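The values are calculated or read from the model by the stated rules, or taken from the named source; none is laboratory data. Predicted model only: the values in this text are computed from it and were never measured. Heads up, the Cβs are rebuilt from the backbone with ideal geometry, glycines too, and the neighbour counts pull from every protein chain shown. Note: accessible area is taken over every heavy atom of the protein model, side chains too, but ligands, DNA and RNA are not part of it. Shrake-Rupley method; radii C 1.70, N 1.55, O 1.52, S 1.80 Å.
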Amino acid sequence: MAKRVVFLGAGTGGVMAANRLARKLEAEVKSGEVELFLVSDTNRHLYQPGLLYVSLDLAEPQGFQRPGQELLLPGVKLIQDGVSKVDPRLQYVECESGKKIEYDFLVIATGSVPDFEAIPGFAAGAHSFYTLPEALKLRKALQEFKGGKILLIVGVPHKCPVAPLEFMFMLDESLRRTKKRQDVQLMYTYPIGRLHSLEPVALWAEKMFQEREIASEVFFNAETIDPERRIVSTLEGEEVAYDLLVGIPPHVGAKIIRTSGLGDRDGWIPTDRSTLKMKGQNSIYVLGDATDLPISKAGSTAHYQSEIVAENLLHELRGELPTALYDGKVFCFIEAGLNEATHITFDYENPPRPSTPSPMTHLFKLAFNEMYWLSLRGVI
Ligand SMILES: Cc1cc2nc3c(=O)[nH]c(=O)nc-3n(C[C@H](O)[C@H](O)[C@H](O)COP(=O)(O)OP(=O)(O)OC[C@H]3O[C@@H](n4cnc5c(N)ncnc54)[C@H](O)[C@@H]3O)c2cc1C
């Protein structure tokens with residue numbers, strides 16, 4: 001009987017892990033010894049970093065989306081359905097259509113979502129760029145903005161921890177380009193006592209904000225938003241006025257994880273930091289935003305983790321011991337505006353060290369935006 005691996009979620013982590021395994025097990029998949037199923041609740045794959053460019057009117061959304069089926073190597077069967085139940089004891093998942101799929105190994109890559117309900121008043125009072133509809137709405141609001149104060153609020157945890165910084169730098173550039181910068185006051189806020197959770201990035205950002213004349217405030221936790229008065233009230237007891245509010249609400253894990261009992265209260269799955277197995281489950285791997293690991297929720301995290309998961313599954317399916325270990329590696333570009341960018345690499349042991357932004361790194365970032373589709377296929 002064929003051995004079966006089921007992947008949940010056709011985002012960055014799910015597609016990369018499934019394609020990498022299909023490449024490694026080409027012969028076994030062809031001969032029918034191994035079956036690879038990927039279950040997806042959507043038929044479009046969105047390159048989420050593209051939303052930054054869309055919100056600032058620097059690109060159209062079409063270039064950042066592709067049909068899910070196009071991204072898969074032969075050998076990975078796409079099942080378009082939402083998963084509504086996972087039974088780790090009997091080793092099957094159940095879909096919204098009622099279809100049951102048994103597995104020998106399950107790979108969970110169901111991602112994370114912004115919780116727009118977490119801050120009362122957010123939906124009516126704030127804009128965001130973390131979903132496509134929100135990014136398009138923000139783009140329109142920025143086009144119509146006549147001047148005043150743009151305030152950015154951040155809730156943690158959220159995916160792509162550097163995106164709020166990138167947004168500020170790119171917004172600054174866009175306002176300079178359209179000769180509106182002198183009419184706009186930019187203000188960035190962050191919930192803890194520095195500008196970013198990673199200290200070296202916080203120090204780097206402080207210097208950059210001074211250069212770009214972007215104001216900032218730390219220990220800023222939005223509690224409620226009053227859309228009528230255009231006021232954000234904070235847990236720290238402040239009332240801060242805005243003319244246009246941009247926010248990244250705290251994230252939670254996918255609904256299936258929150259409701260299935262697989263995750264903690266916020267929907268993060270207890271995951272071994274090295275093996276990437278779900279704690280207490282020998283047949284379940286977890287990668288990407290869905291884990292409870294204390295590392296950045298980023299596409300690059302999912303990328304490096306997909307290498308480990310595919311390698312270990314290869315060995316397990318061949319009856320060997322899985323030996324690959326994840327070291328916490330993350331790589332992020334940081335767009336710095338004015339046609340410059342920097343990058344950071346870090347892992348469990350080594351902190352990031354942002355370098356001086358350069359035009360070359362910005363060009364690399366733009367090139368990566370195109371190369372992403374190849375990385376999904378496991379080519380780079
Ligand atoms: C504005 C923005 C900028 C970003 N910039 C960067 C960047 O520069 N660099 C970087 O590395 N990362 C960046 N990211 C973060 C990156 O996009 C995510 O961290 C990455 O996509 C996580 O991959 P994932 O596979 O865990 O989740 P996702 O890619 O979000 O995929 C999860 C998939 O699971 C599906 N799913 C959920 N529940 C079910 C269910 N019940 N049944 C079936 N399918 C289900 C979802 O529909 C989705 O397709 C950015 C994100 C945003 C929003």
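A few notes on this one:
- Annotation: extensible slack from S97 through T131 equals 9.7 nm (criterion: 0.36 nm per residue apart, minus Cα-Cα distance).
- Loop-located GluC sites (Glu not before Pro) in the range 49-156 (DSSP state not H, G, I, E or B) with no more than 14 neighbouring Cβ atoms inside 10 Å: E96, E117.
- Extending 7 Å from the Cα toward the beta-carbon at both A27 and Q80 defines two label points whose distance is 3.5 nm.
- Dividing the summed helix terms, -39500 (n - 2.57) for each DSSP H run of n ≥ 4, by the number of residues in the chain produces a 222 nm estimate of -9000 deg cm²/dmol to the nearest 500.
- The Cβ shell under 15 Å around P133 holds other residues with a net charge of +2, Lys and Arg each +1, Asp and Glu each -1.
- Qualifying lysines (Cα of each under 28 Å from Cα of K277; at least 8 residues distant if same chain): K3, K24, K30, K77, K85, K99, K100, K159, K255, K297, K329
- Applying 0.36 nm per residue to the separation of A118 and K255 and subtracting their alpha-carbon distance, the gain on full extension is 47.8 nm.
- Across the range 17-29, computed HN-Hα scalar couplings (Karplus, 6.51 cos²θ - 1.76 cosθ + 1.60, θ = phi - 60°) run 5, 5, 5, 4, 5, 4, 5, 5, 10, 3, 5, 5, 5 Hz from first to last residue, x flagging Gly and Pro.
- The GluC sites (Glu not before Pro) of the range 274-380 that meet both conditions, a loop assignment by DSSP and at most 12 other Cβ atoms within 10 Å of the site Cβ, are E320, E349.
- Rg and Dmax, both from the Cα atoms of the range 115-251 and both in Å, are 13.9, 38.
- Of the whole protein surface, Y92 contributes about 20 Å² of accessible area at a 1.4 Å probe radius.
- Here the chain is assigned +1 on the Cβ of each Lys and Arg and -1 on the Cβ of each Asp and Glu. Its dipole about the Cα centre then comes out at about 700 debye.
- Using the Cβ-Cβ distance between E223 and F145 with R0 set to 30 Å, the FRET efficiency from 1/(1 + (r/R0)^6) comes to roughly 0.75.
- For the range 243-260, 3J(HN,Hα) computed residue by residue from phi via the Karplus equation (6.51, -1.76, 1.60; θ = phi - 60°) reads 9, 9, 10, 10, x, 10, x, x, 9, 10, x, 4, 4, 4, 6, 5, 9, 8 Hz, glycine and proline entered as x.
- Treating r as the C-beta distance of M360 and E239 and R0 as 45 Å, the FRET efficiency rounds to 0.55.
- Taking amide hydrogens as placed 1.01 Å from N in the peptide plane, the amide H of A298 sits under 5 Å from those of C160, each at least 5 positions away in sequence or on another chain.
- R0 of 22 Å, Cβ-Cβ distance H315-R377: FRET efficiency to nearest 0.05: 0.50
- Under the criterion of Cα pairs below 8 Å and six or more residues apart, the relative contact order for the range 261-316 equals 26 percent.
- Sparse-neighbour loop sites [trypsin sites (Lys or Arg not before Pro); the range 243-349; at most 16 other C-beta within 10 Å; DSSP]: R265, R273, K279, R318
- Above 41 Å, the calculated P(r) of the chain contains 15 percent of its Cα-Cα pairs.
- As a length-normalised measure over Cα pairs under 8 Å and 6 or more apart, the relative contact order of the chain settles at 19 percent.
- Dividing the mean sequence gap of close Cα pairs (under 8 Å, 6+ apart) by how many residues the range 115-251 holds gives a relative contact order of 39 percent.
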